[in-house]
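The structure appears below as structure tokens.
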Amino acid sequence: MRRRVVVTGIGCITPIGNTVEKTWESLCEARSGIGTITHFDATQFPTRFAAEVKDFDFDQTVDDPKRFEHAGRNIRFAIGAARQAVDDSGILESGIDPAMFGVYLGAGEGQQDFMLFMNMVAQAQTNGEVDLEKFTRRGMELLNPQAEMEQEPNMASGHLSGLFNAQGPNLNCLTACAASSQAIGEATELIRRGDADVMLSGGAHSMIHPFGVTGFNLLTALSTHNDEPQKASRPFDKDRDGFVLGEGAGMLILEELEHAKARSATIHGEVAGYGSSADAYRITDIHPEGRGALACITMALKDAQLNPDDIGYVNAHGTSTVVNDRVETMAIKQALGEAASRVPVSSIKSMMGHLIAAAGSVEAIACLKAIQTGTLPPTINYETPDPDCDLDYVPNEAREAVTRHALSNSFGFGGQNISLVFAGFND
């Protein structure tokens with residue numbers, strides 16, 4: 001009999017709240033966290049807005065802030081959310097064996113100092129060409145080695161292991177928008193097979209910087225609804241024109257059930273199912289028939305030993321791009337069959353934008369809260385129905401509904417697809 005995995009701690013830093021409680025309140029009240037970009041001057045960009053984290057005081061989360069002076073926003077968000085989750089769980093006071101306490105993140109890379117980089121390029125130019133030798137020499141003079149190291153995607157998991165003395169498995173996967181959901185699924189598998197008793201899992205990311213916005217603009221993936229930013233993220237709406245960049249972190253303490261019960265831990269819910277697949281199609285395009293999405297939803301249901309009728313809520317990937325929302329709708333209908341028309345589906349990206357690698361972990365927390373509270377967060381800005389998107393998207397207002405099992409979808413560039421099933425705990 002495989003070991004069961006429950007959630008005993010949760011924490012998040014998001015554009016609509018710097019705690020789980022504040023974020024959940026904002027979701028239920030349909031508040032948007034999207035506005036004009038302030039991290040840099042974006043006035044000349046096709047997209048001039050994003051969902052930024054606001055009023056986050058990192059110095060209050062650690063004893064020695066100077067130790068992290070070169071850490072980027074992604075790492076600071078990770079530490080802030082992880083501190084909440086660890087404190088919520090009480091795991092550090094439980095006498096946990098450090099060797100059985102691990103970290104598995106889906107955390108994104110840091111960010112380049114754009115102005116410094118451009119300074120290096122400008123000073124290395126000769127007759128309109130960049131002189132590589134000059135560029136390298138200028139880089140050796142200007143770049144801070146500690147700051148450069150902090151940009152690596154594995155640094156967040158490394159910092160967390162040190163902060164919480166987690167000496168067990170330590171991993172990070174960066175599978176784009178599926179990353180933190182995959183981390184939760186793989187961390188669950190580590191506990192199921194006995195390699196760890198407790199895992200700190202989730203994700204953190206910020207791509208609200210010139211390189212990030214430029215890249216997604218070149219892919220024509222971002223909304224350009226600059227006149228009304230708060231209405232720009234409109235998943236499943238006929239007039240959607242792209243996603244909105246967000247930033248933040250979501251962290252969960254995953255724990256083997258008997259271990260949690262032995263210390264009388266509060267249990268937020270259970271990770272009941274995990275499915276992972278690849279489209280094996282194109283790097284930036286979803287398979288037009290949704291075969292990867294269909295496969296991972298089906299796998300998650302099988303892993304959870306559930307039927308489609310058992311799912312009471314779907315937290316959609318729901319990016320607000322034309323293709324994603326249409327194909328995800330198709331995949332949900334194929335996977336759930338007749339039950340699809342009865343199951344509420346919503347996208348919280350309509351309020352907090354797309355947190356990229358961190359999106360899935362925050363959406364996992366939303367699923368747990370939906371089960372706990374009997375409230376489903378809405379899809380805001382849903383105004384004009386799309387014939388290709390014909391499910392119940394919980395439009396514009398939260399809804400009271402008793403939910404026992406929730407499905408969370410995360411689909412990433414490169415064709416990675418993850419589905420997780422969460423269940424209310426009732427041993």
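Highest mobility in the GNM of the chain, judged by mean-square fluctuation with C-alpha springs under 10 Å and restricted to Leu190, Leu254, Leu27, is found for Leu190. The sum of -39500 (n - 2.57) across all DSSP H runs of n ≥ 4, divided by the residue count of the chain, sets its helix-only mean residue ellipticity at 222 nm to -10000 deg cm²/dmol. Could you check which residue among Leu143, Leu174, Leu105 shows the biggest mean-square fluctuation in a GNM of the chain with a 10 Å Cα cutoff? Sorting by GNM fluctuation, first place goes to Leu143. Charge tally for Ile356 (other residues, Cβ to Cβ under 14 Å; Lys, Arg +1; Asp, Glu -1): -2. Amide H contacts for Asn172 (H built 1.01 Å from N in the peptide plane; partners 5 or more residues away or on another chain; cut-off under 5 Å): Leu105.
Net charge around Met207, counting only other residues with Cβ within less than 9 Å of its Cβ (Lys, Arg = +1; Asp, Glu = -1)? Numbers along the way, then the final one.
Values: positive: none; negative: Glu109, Glu247.
Cβ neighbours under 9 Å give a net charge of -2.
The value of relative contact order for the stretch 136-218, using C-alpha pairs under 8 Å at least six residues apart, is 18 percent. Count Lys and Arg as plus one, Asp and Glu as minus one, and take only other residues whose Cβ is under 14 Å from that of Arg234; the net charge is then -3. When the pairs Lys238/Lys302; Lys302/Lys333; Lys261/Lys369; Lys54/Lys231 are compared against a 27 Å limit on Cα-Cα distance, Lys238/Lys302 fall above it. Just checking the listed ones, Thr284, Thr224, Thr61: in the Gaussian network model of the chain with Cα springs under 10 Å, the one fluctuating most is Thr284. With the highest mean first, a sort of the peptides 115-124, 178-187 on other beta-carbon atoms found within 10 angstrom per residue produces 178-187, 115-124. Peptides 244-250, 132-138, 208-214 ranked from most to least packed give 244-250, 208-214, 132-138, packing being the mean of other C-beta atoms within 10 angstrom over each peptide's residues.
None of the figures in this text is laboratory data; all of them are computed from the coordinates on show. Fair warning: this is a prediction, and the values are worked out from it, not measured in the lab. Methodologically, a virtual Cβ is constructed for each residue, glycine included, from the backbone with ideal geometry; neighbour enumeration extends over all protein chains shown.
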